[in-house]
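All of the numbers you see were taken from the coordinates with simple rules; none came from a lab. None of the values given here were measured: they were computed from a predicted structure. Note that each Cβ is placed from the backbone with ideal geometry, even for glycine, and that neighbours are counted across all protein chains shown.
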């Protein structure tokens, strides 16, 4: 897909919505001096191009999902694609990345309790051909988790309106 | 932490908003058989309690942030909390967790380039005393990213 080039208006919209995802299009339009229809079209385009998604986010540790862990994998290169597909299919795996470094994959898993983590490691992973080894770090506390990483806040600060 | 206890309606509201953060309260109300005002009030309460945030989430790779890395850190035990706080204050760090295992802390770093990652690892981290060892995994590709977990379903599956 051709990457969408973001102009100033896109960046401003993103800057506002990553602070307050339910800001109405009427409000956004008033802040940015364009029509509501323009905002609607732009947001739709950002979403359709995978640039932005608006969603409710929670801390799993406060939602009764008591086990969050990072797992580093060493994988047999010949089985890389099938290992990724198998891990991808597991509901407990919420974030999976292919990496450089001492390991080939890193996953973040979210589970209701430690027993389920043991089952995941000993049963589910044991059945996936190509996993050579794993190292597991259980998260004790989430100290920081932010979602407003797109570096566009300066785009709206100069407008002098409060977000 | 507060003693706020989630009931089934709260969980259902969260589940729907995880799917679509802009779902109209009226739609949620119809879906769950509640009044619109009740949904609005509950969402407000969940947000006030810090249990729910509704945000537009950008894909780092599509907004000019080309380098994402997961870094594990071993630190002096006595400095664990202050180091977690110092790391949390850095804008390029989007996730900080205290953990067991090989690393005491796991962080995720999002920057514009490999050069910036190098600057972060060499300069920024060196300024923080008590970090003994780091293991950096640079993300080549995100194979899955799904923040919309359903706590009910996950309790029964697997």
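In what sequence, highest mean first, do A:49-55, A:37-43 appear when ranked by Cβ atoms within 10 angstrom?
A:49-55, A:37-43
What is the mean number of Cβ atoms from other protein chains located within 10 Å of the Cβ atom of each residue in peptide B:86-98, rounded to a whole number?
5
Compute the helix-to-body angle for B:36-48: its Cα long axis versus the longest principal axis of chain B, expressed 0 to 90° and rounded to tens.
The helix B:36-48 is inclined about 20 degrees to chain B.
According to a simple spin-label model (label point 7 Å from Cα along Cα-to-Cβ), what is the distance in nm between residue A:141 and residue B:36?
So the label points at residue B:36 and residue A:141 sit 4.2 nm apart.
Please work out whether region A:93-149 counts as rounded, prolate or oblate from its C-alpha gyration tensor, where a ≥ b ≥ c are the square roots of the eigenvalues and a/c under 1.5 means rounded, while otherwise a/b larger than b/c means prolate and anything else oblate? Write out the running numbers ahead of the final one.
Details: a/c = 2.26, a/b = 1.26, b/c = 1.79.
Here region A:93-149 falls in the oblate category.
Once the convex hull of the alpha carbons of the protein assembly as shown is built, what does its volume come to per residue, in cubic angstrom? List each step's numbers first, then the result.
On the way: hull volume 49.9 nm³, N = 321.
That works out to 155 Å³ per residue.
Please work out the Cα center distance from region B:82-112 to region A:50-123, rounded to the nearest Å.
Cα centres, region B:82-112 to region A:50-123: 18 Å.
Can you give me the angle between helix A:8-17 and the longest principal axis of chain A, using Cα atoms only, in degrees from 0 to 90, rounded to the nearest 10?
The two axes meet at around 60 degrees.
Please give the average number of partner chain Cβ atoms lying within 10 Å of the Cβ of each residue in B:133-144, rounded to a whole number.
6
I need two numbers for region B:8-48: Rg to one decimal and Dmax as a whole number, Cα atoms only, in Å.
Rg then Dmax for region B:8-48, in Å: 8.8, 24.
Any chance you could list P(r) for chain B, counting all Cα-Cα pairs in 10 angstrom bins from zero, rounded to whole %?
9, 29, 27, 24, 10, 1
How big, in percent, is the set of alpha carbon pairs in region A:60-138 lying more than 15 Å apart?
For region A:60-138, the fraction of Cα-Cα distances above 15 Å is 52 percent.
Enter the mean number of other protein chain beta carbons within 10 Å of the beta carbon of each residue in A:86-93, as an integer. Let's see the in-between values first.
Numbers: counts 0, 2, 3, 1, 3, 7, 4, 3.
Shielding by partners across A:86-93 averages 3.
Can you give the extra length, in nm with one decimal, that the chain gains between residue B:113 and residue B:90 once fully stretched, where that is 0.36 nm per residue apart less the Cα-Cα distance?
Numbers: separation 23, 0.36 × 23 = 8.28 nm, distance 1.64 nm.
Between residue B:113 and residue B:90, full extension yields 6.6 nm more.
Using only the alpha carbons of chain A, determine the length spanned along each of the three principal axes and report them from longest to shortest in whole angstroms.
Computed over the Cα atoms, the extents are 57, 37, 25 Å.
Cα-Cα pairs above 12 Å in region A:8-56: how many percent?
58 percent
What order do you get for A:64-70, A:124-130 when each peptide is scored by the mean count of other beta carbon atoms within 10 Å, highest first? Don't skip to the answer; put the middle values down first.
Numbers: A:64-70: 20.1, A:124-130: 14.4.
The most tightly packed comes first, giving A:64-70, A:124-130.
Relative to the longest principal axis of the C-alpha atoms of chain B, give the angle of the C-alpha long axis of helix B:8-19, reported between 0 and 90° and rounded to the nearest 10°.
Once rounded, one gets 60 degrees.
Any idea what the alpha-carbon Rg over 2.2 N^0.38 Å comes to for region B:60-138?
Computed over Cα atoms of region B:60-138, the ratio equals 1.04.
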